[in-house]
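Just so you know, all these numbers are worked out from the coordinates, no wet-lab data involved. Model, not experiment: these values are computed from the prediction. Glycine also receives a Cβ, built like all others from the backbone with ideal geometry; neighbour counts cover every protein chain displayed.
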Amino acid sequence: MKFEAFVEVRLRPGISDPQGATIERALPALGFDGVTEVRVGKAIRFTIEALDEATAREMSAAVTDRLLANPVIEEAEVSIL
Amino acid sequence: MSARIGVVVFPGTNCEHDVVKALSAVAGEEAPAATVELLWHGERSLSHLDGVVLPGGFAHGDYLRPGAIARFSAVLDALTRFAAEGGPVIGICNGFQVLTEAGLLPGALQKNSGLRFVCKSVGLRVCSTRTVLTGAVSQGQRLRMPINHFEGNYTCDQRTLDRLRAEDCVVLRYEENPNGSVDDIAGVCNAAGNVVGLMPHPERACDVLTGAMDGVPLLRSLLEAADRHASLPA
C-alpha cells in the first residue's frame, strides 16, 4: 500500500533562528504589529510503500532520523496523512 | 617517501583547486614535500594517503542542509576509518559542515545571525596548538584570513561547549564574531586533535596577491602532520 507522509522539521527550542528573527523584524513595517516568536522550519512530503500504516510511520521516522533532520539543532514530527 | 594528501571533490565542491595549489606551493618550500591529488567522492579507500582535506563549496548543492547528502558519499566511510586510525583530516568551510553532519566533529553550522552572507577578511586567534592544523603556530597567535559563507554560525548545546573547552577542542576563535557562532568559535577539533574543521579559508591566504599570508603556517602544520603519518610503519 502507498501512504503519504508529512514531516515537519523544526529548530529545537533555544536554537537561534535567524530566518524567524528577520521575518519578525519585517512585519511591523508592513503594518502587522504584535507578531512574535516566529520560527521557520521545513515541511517535507513523500509517498512511501509499506504493508500497513504502522510500518509506513516507522519507515518515515527512520528516513527522518537518518537524513531529514539534524538532531544537533533540529527536531521533527512525522505524520501519515 | 613523501606524504600524499587527497583533496576530496563532491559534485558542487568549488575550492579544490585553490587547496591543491596552495598546499603544493607550501610543500617542499617551507614545509615537508608532499604530493597533492584530487579525490572523487566515490573513493572507497584512503589507506594510501597521509592527509585528507574536504574543501569548500556546495557539496551536492547544499540541498536539505549543507553536508547532509555529502555525508552519505562512499568516501565518508573511508574517511571515518582514516580518521579513527589517526589520519590527519581538515574540513574547510563546506568541508567543516560535512564533518559535523557526518558526526566526525561535534556541533552544527547554522545560518549566520542577521541572515547575511559574509565575505571578508577576519582576525582569528589560535586557541589550541595540539592539532594537525595548528602544530606550526603558537598559542594566542593572531591570524588574518578570509571567510566566505552563509552558514557558518557554529552551534552546539551547553554540554558540548563545556566539553570542547575542557578537552582543548576549540582551535580558532574570531576576534570579532561575524556570524553569531557560540563562544566566537571559528574552528574545532575532535578529542584526538587529528580532525579539524574551520570556516575561514587558509588556502586563500597563501599568496601575496591575495593580500594575506597567514594561511601558510596552517597548511605547513598539515604538511608536517602528513609527513609524520607517512613515516609511520605501515
Subject >> Total formal charge among the other residues, if their Cβ is under 13 angstrom from that of B:MET145, Lys/Arg +1 and Asp/Glu -1 >> reply: 0
Original post:
Using the Cα atoms of the protein assembly as shown to build a convex hull, what is its mean projected area in square nanometres?
Top reply: 18.6 nm²
**OP:** Would you kindly derive the ³J(HN,Hα) couplings of segment B:189-198 from the backbone phi angles with the Karplus curve 6.51 cos²θ - 1.76 cosθ + 1.60 (θ = phi - 60°), listing them in order in whole Hz, with x for Gly and Pro?
**Re:** 10, 7, 4, 7, x, 9, 10, 10, x, 8
Original post:
When the Karplus curve 6.51 cos²θ - 1.76 cosθ + 1.60 is applied with θ = phi - 60°, which whole-Hz ³J(HN,Hα) does each residue of segment B:126-141 get, with x for Gly and Pro?
Top reply: 6, 10, 8, 10, 8, 9, 5, 9, 10, x, 9, 10, 10, 4, x, 4
Original post:
When Lys and Arg each count +1 and Asp and Glu each count -1, what net charge do the other residues less than 13 Å away from B:HIS201, Cβ to Cβ, add up to?
Top reply: -1
Original post:
Tell me, what is the percent relative contact order of segment B:2-48, built from C-alpha pairs under 8 Å that lie six or more residues apart?
Top reply: 53 percent
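Can you give the local net charge around B:VAL19? Use residues other than it whose beta-carbon is closer than 12 angstrom to its beta-carbon, Lys and Arg +1, Asp and Glu -1.
Numbers: positive: B:LYS21, B:ARG204; negative: B:GLU16, B:ASP18, B:GLU37, B:GLU203.
Summing Lys/Arg as +1 and Asp/Glu as -1 gives -2.
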Original post:
Given springs between every Cα pair under 10 Å in a Gaussian network model of chain B, which of B:TYR154, B:TYR63, B:TYR174 has the largest fluctuation?
Top reply: B:TYR63
**OP:** Based on other C-beta atoms within 10 Å, arrange A:THR36, B:THR80, B:THR131 from fewest to most.
**Re:** A:THR36, B:THR80, B:THR131
**OP:** Nearest 5 is fine: what % of DSSP beta bridges in segment B:3-230 come out antiparallel, could you say?
**Re:** 55 percent
**OP:** Please give the contour-minus-distance gain from B:ALA192 to B:ASP77: 0.36 nm per residue of separation, less the Cα-Cα distance, rounded to one decimal in nm.
**Re:** 39.5 nm
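Quick check for me: using +1 on Lys/Arg Cβ and -1 on Asp/Glu Cβ, what's the dipole size of segment A:2-80 about its Cα centre, in debye to the nearest 20? Please report the intermediate quantities before stating the final value.
Details: 9 positive and 14 negative charges, 49 e Å.
The calculation lands at about 240 debye.
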Original post:
How big is the gap, in Å, between the Cα center of segment B:95-123 and the Cα center of segment B:11-58?
Top reply: 20 Å
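Once a ≥ b ≥ c are taken as the square roots of the eigenvalues of the Cα gyration tensor of segment B:85-234, is the result rounded (a/c under 1.5), prolate (a/b larger than b/c) or oblate (a/b not larger than b/c)? Each step should come with its number before you reach the end.
Values: a/c = 1.69, a/b = 1.16, b/c = 1.45.
Oblate is the answer for segment B:85-234, as a/c is 1.5 or above yet b/c matches or exceeds a/b.
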Original post:
Given springs between every Cα pair under 10 Å in a Gaussian network model of chain B, which of B:GLN97, B:GLN141, B:GLN158 has the largest fluctuation?
Top reply: B:GLN158
Subject >> 15 Å tail of the calculated P(r), chain A, as % of Cα pairs >> reply: 61 percent
Original post:
Name the residues of segment B:166-195 whose amide N is less than 12 Å from a point 7 angstrom out from the Cα of A:ALA21 along the C-beta direction?
Top reply: B:178-182
